[in-house]
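Here is the structure we will look at, set down as C-alpha coordinates.
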Amino acid sequence: MKIQILGTGCPKCKKLASLVEEAAKELALDYELEKVTDVNDIVSFGVMSTPALAVDGKVLVSGKVPSAQEVKQLLEEAIK
(Lines give C-alpha, C1' and ligand atoms only; values in the text may rest on other atoms or scores of the structure.)
Protein backbone atom coordinates (compact mmCIF):
# COMPACT_ATOMS: atom_id res chain seq x y z
CA MET A 1 0.00 0.00 0.00
CA LYS A 2 1.34 3.42 -0.95
CA ILE A 3 0.17 6.24 1.31
CA GLN A 4 0.80 9.76 0.10
CA ILE A 5 0.63 12.98 2.07
CA LEU A 6 0.07 15.88 -0.31
CA GLY A 7 1.26 19.21 1.03
CA THR A 8 4.11 21.66 1.15
CA GLY A 9 5.36 20.63 4.59
CA CYS A 10 3.25 22.99 6.69
CA PRO A 11 2.36 22.10 10.31
CA LYS A 12 -1.02 20.66 9.21
CA CYS A 13 0.73 18.43 6.65
CA LYS A 14 3.12 17.17 9.31
CA LYS A 15 0.22 16.51 11.69
CA LEU A 16 -1.59 14.49 9.01
CA ALA A 17 1.59 12.49 8.31
CA SER A 18 2.00 11.65 11.98
CA LEU A 19 -1.68 10.61 12.31
CA VAL A 20 -1.38 8.41 9.23
CA GLU A 21 1.78 6.69 10.48
CA GLU A 22 0.19 6.05 13.86
CA ALA A 23 -3.00 4.61 12.32
CA ALA A 24 -1.08 2.47 9.82
CA LYS A 25 1.02 0.98 12.62
CA GLU A 26 -2.08 0.31 14.74
CA LEU A 27 -3.64 -1.51 11.79
CA ALA A 28 -0.36 -3.39 11.13
CA LEU A 29 -0.39 -2.28 7.50
CA ASP A 30 2.43 -2.99 5.08
CA TYR A 31 2.83 0.51 3.67
CA GLU A 32 5.17 3.00 2.10
CA LEU A 33 4.72 6.65 3.10
CA GLU A 34 5.50 9.29 0.50
CA LYS A 35 5.33 13.03 1.08
CA VAL A 36 4.38 14.84 -2.12
CA THR A 37 5.53 18.45 -1.74
CA ASP A 38 5.79 19.73 -5.32
CA VAL A 39 2.81 21.97 -6.10
CA ASN A 40 2.52 20.68 -9.68
CA ASP A 41 2.44 17.08 -8.45
CA ILE A 42 -0.21 17.97 -5.86
CA VAL A 43 -2.37 19.67 -8.51
CA SER A 44 -2.02 16.60 -10.76
CA PHE A 45 -4.03 14.69 -8.13
CA GLY A 46 -6.82 17.26 -8.55
CA VAL A 47 -6.10 18.67 -5.08
CA MET A 48 -6.50 22.41 -4.67
CA SER A 49 -6.40 22.55 -0.88
CA THR A 50 -3.82 20.87 1.34
CA PRO A 51 -3.14 18.84 3.31
CA ALA A 52 -4.49 15.82 1.49
CA LEU A 53 -4.26 12.07 1.95
CA ALA A 54 -4.08 9.64 -0.96
CA VAL A 55 -3.81 5.86 -0.93
CA ASP A 56 -2.51 4.12 -4.04
CA GLY A 57 -3.05 7.34 -6.00
CA LYS A 58 -6.67 7.88 -4.92
CA VAL A 59 -7.34 11.03 -2.87
CA LEU A 60 -9.34 10.17 0.25
CA VAL A 61 -9.45 13.56 1.97
CA SER A 62 -8.19 17.07 1.23
CA GLY A 63 -8.22 20.50 2.76
CA LYS A 64 -8.34 19.39 6.39
CA VAL A 65 -6.65 17.28 9.00
CA PRO A 66 -9.06 14.48 9.89
CA SER A 67 -9.20 13.10 13.42
CA ALA A 68 -7.10 10.07 14.34
CA GLN A 69 -10.26 7.93 14.24
CA GLU A 70 -11.20 9.25 10.77
CA VAL A 71 -7.71 8.49 9.46
CA LYS A 72 -7.94 4.94 10.81
CA GLN A 73 -11.36 4.46 9.17
CA LEU A 74 -10.12 5.81 5.83
CA LEU A 75 -7.16 3.41 5.86
CA GLU A 76 -9.37 0.47 6.87
CA GLU A 77 -11.74 1.22 3.98
CA ALA A 78 -8.83 1.56 1.56
CA ILE A 79 -7.59 -1.98 2.29
CA LYS A 80 -10.97 -3.63 1.73
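The values are calculated or read from the model by the stated rules, or taken from the named source; none is laboratory data. Keep in mind that what you see is a predicted model, and the values were worked out from it rather than measured. Methodologically, a virtual Cβ is constructed for each residue, glycine included, from the backbone with ideal geometry; neighbour enumeration extends over all protein chains shown. All accessible areas refer to the heavy atoms of the entire protein, side chains included, with ligands and DNA or RNA removed. Shrake-Rupley method; radii C 1.70, N 1.55, O 1.52, S 1.80 Å.
Within the straight-line cut-off of under 17 Å between alpha carbons, the aspartates and glutamates reachable from K25 are E34, E70, E76, E77, sequence neighbours fewer than 8 places apart in one chain being disregarded. Remark on V36: its backbone amide H falls under 5 Å from those of I5, L6, G7, a criterion applied only to residues 5 or more positions apart or on other chains, H modelled at 1.01 Å from N. For the chain, find the longest principal axis of its Cα atoms and tell me its angle to the long axis of helix 68-78, 0 to 90°, nearest 10. That works out to roughly 80 degrees. Taking D30, D41 and ordering them by how much accessible surface each has at a 1.4 Å probe, largest first, produces D30, D41. For the chain, the fraction of alpha-carbon pairs lying more than 15 Å apart is 47 percent, rounded to a whole number. For the chain, the solvent-accessible area with a 1.4 angstrom probe is 58 square angstrom per residue. If you fit an axis through the alpha-carbon atoms of helix 11-26 and take the longest principal axis of the Cα set of the chain, what angle between them do you get, 0 to 90°, nearest 10? So the inclination is approximately 20 degrees.
Karplus-based coupling profile of segment 27-42, in residue order and whole Hz: 7, 6, 7, 8, 9, 10, 9, 10, 9, 9, 10, 6, 4, 5, 5, 4, with θ = phi - 60° in 6.51 cos²θ - 1.76 cosθ + 1.60 and x standing for Gly or Pro.
What separates the Cα centres of segment 49-80 and segment 1-34 is a distance of 9 Å.
Which stretch or stretches of segment 53-74 have amide N atoms under 20 Å from the point lying 7 Å from A28's Cα along the Cα→Cβ direction? Once the point is set 7 Å along Cα→Cβ of A28, 72-74 turn out to lie under 20 Å by backbone N, inside segment 53-74.
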